[in-house]
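Quick notes on the structure that follows.
Please treat every number below as a calculation from the coordinates, not as lab data. Everything numeric in this text was worked out from a predicted model, so none of it was measured. Reconstructed Cβ throughout: ideal geometry from the backbone, glycine too, with neighbour counts over all protein chains shown.
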Amino acid sequence: MYIHVLGSGAGGGFPQWNCNCENCKGVRAGTIKATPRTQSSIAVSANGSDWILFNASPDIKRQLDDFTVIQPARHVRDTAITAIVITDAQIDHVTGLLTLREHNKPWDIYCTDAVKGDLTTGFPVFNILGHFRGINHHEVATDQTPFSIPTAEGIEFTAVPLLSNAPPYSPHRGNTVPGDNIGMNIKDTRSGKSLFYAPGLGVAEPHVLEYMRNADVILVDGTVWTDDEMSKEGISDKRASEMGHLDQSSDGGIMSILNAMEKPRKILIHINNTNPILNEESSQRATLNKAKIELAYDGMDIEL
Ligand code: MLT
Ligand code: MN
Ligand code: ZN
């Protein structure tokens, strides 16, 4: 299977439009060695021509323009996106659905009932799409039963319930229910290889660690280096953990979890603009390099 990183940044992207943190200022001015990143999304394909979109970011137009195979131009209106999987109802993962409103038939959208609830009430994107061609909702269960998607023959998808947080407009904010956030284990039954994708991970529970250990590639929450990173920069009074993101550098943080795993290739995704690892010359980036943990970048391709 083929995996293409459309956007490797967290909400806001890098640089964020209104942000003058060290990283955003530095990348804009060219005074630090760093690469801009659009907001969180990947695409997965079994055959290289039909693509499943994972999350739809506010930057989707640019992401699709930059990924030319996703526009095969077979008809006057066309796309190679055949279905959409949504892992949570956060703004950076669903706003791009509005950009996709001109589709010529209902979108096949795979998400949990909890996410569907938020997207029909607090942030009613699904209702809005109903005024265009609408959607076909395919319920994603949270009991870890594998499912398939017709246009991704040979790929087995397993939704993995994660402890993270629901969006601010969700009744489950601060009190999450299973299905508010899922990771996805994506296994190619032809090659036997699998990807574990979790852009928002607040707590690494035992069942999550098991999927990570067995994966060939992990694309996991790279939001922050330290839990208080955003408050330290004076950007937000929220800790990353309150937003449902586990930091990288603490005892029990993402890096220590990954360091204990032998098999997988380890890649961080959903990297917030405040994270010092974005500066390629930072000591934090050197620490990751030494641990053989990579950073996803926009346009990154992985074949499994
Ligand atoms: C998150 O991942 O916590 C959200 O995307 C933050 C946001 O963009 O508001
Ligand atoms: Mn996010
Ligand atoms: Zn910033």
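With the charge dipole of the chain set up from +1 on Lys and Arg Cβ and -1 on Asp and Glu Cβ about the Cα centre, the Cα lying farthest toward the positive end among the listed residues His207, Val94, Tyr169 is that of Val94.
Is the shape of region 1-138 rounded, prolate or oblate, going by the alpha carbon gyration tensor and its root eigenvalues a ≥ b ≥ c, with a/c under 1.5 for rounded and a/b larger than b/c for prolate? Note, shape of region 1-138 comes out oblate. Here the sum of -39500 (n - 2.57) over DSSP H runs of 4 or more residues, divided by the residues of the chain, equals -4500 deg cm²/dmol at 222 nm, to the nearest 500.
A simple rule links phi to the HN-Hα coupling: the Karplus curve 6.51 cos²θ - 1.76 cosθ + 1.60 with θ = phi - 60°, which for region 80-90 gives 8, 6, 9, 6, 10, 10, 10, 8, 6, 9, 5 Hz, with x for Gly and Pro. Ranked from largest, the principal axis spans of the Cα set of the chain equal 48, 40, 39 Å.
Would you mind checking the pairs Lys187/Lys232; Lys105/Lys238; Lys232/Lys263; Lys187/Lys238; Lys25/Lys61; Lys25/Lys193 and listing those with alpha carbons more than 29 angstrom apart? Let's see the in-between values first.
Details: Lys187/Lys232 39 Å; Lys105/Lys238 40 Å; Lys232/Lys263 35 Å; Lys187/Lys238 35 Å; Lys25/Lys61 25 Å; Lys25/Lys193 40 Å.
As for pairs spanning more than 29 Å Cα to Cα, those are Lys187/Lys232; Lys105/Lys238; Lys232/Lys263; Lys187/Lys238; Lys25/Lys193.
Would you work out if region 168-291 is rounded, prolate or oblate? Take a ≥ b ≥ c from the square roots of the eigenvalues of the alpha-carbon gyration tensor; rounded if a/c is under 1.5, else prolate when a/b is larger than b/c, oblate otherwise. Oblate, since a/c reaches 1.5 and b/c is not below a/b.
Taking amide H as placed 1.01 Å from N in the peptide plane, Asn273 has its amide H under 5 Å from the amide H of Ala10, each at least 5 places away in sequence or on another chain. Any number yet on Rg/Rh for region 133-241, C-alpha, Kirkwood? With Rh from the inverse mean 1/r over Cα pairs, Rg/Rh is 1.03. Applying a DSSP loop filter and a limit of 16 other Cβ atoms within 10 Å to the trypsin sites (Lys or Arg not before Pro) in region 222-304 leaves Lys238, Arg239, Lys292. Counting every other Cβ atom within 10 Å of each residue's Cβ, Cys111, Cys19 order from fewest to most as Cys19, Cys111. Annotation: the residues Ser236, Ser164, Ser8, sorted from fewest to most other C-beta atoms within 10 Å of their own C-beta, follow the order Ser236, Ser164, Ser8. Using a Förster radius of 25 Å, what is the FRET efficiency between Ser250 and Thr99 based on their Cβ-Cβ separation? Nearest 0.05, please. For Ser250 and Thr99, the calculated efficiency is 0.10.
The antiparallel fraction among DSSP beta bridges confined to region 29-129 stands at about 35%.
Loop-located chymotrypsin sites (Phe, Trp or Tyr not before Pro) in region 1-81 (DSSP state other than H, G, I, E, B) with a sparse environment of at most 15 neighbouring Cβ atoms within 10 Å: Trp17. Three principal axis extents describe the C-alpha atoms of region 32-95; from largest down they are 41, 29, 23 Å.
Of all DSSP bridge pairs formed entirely within the chain, close to 50 percent run antiparallel.
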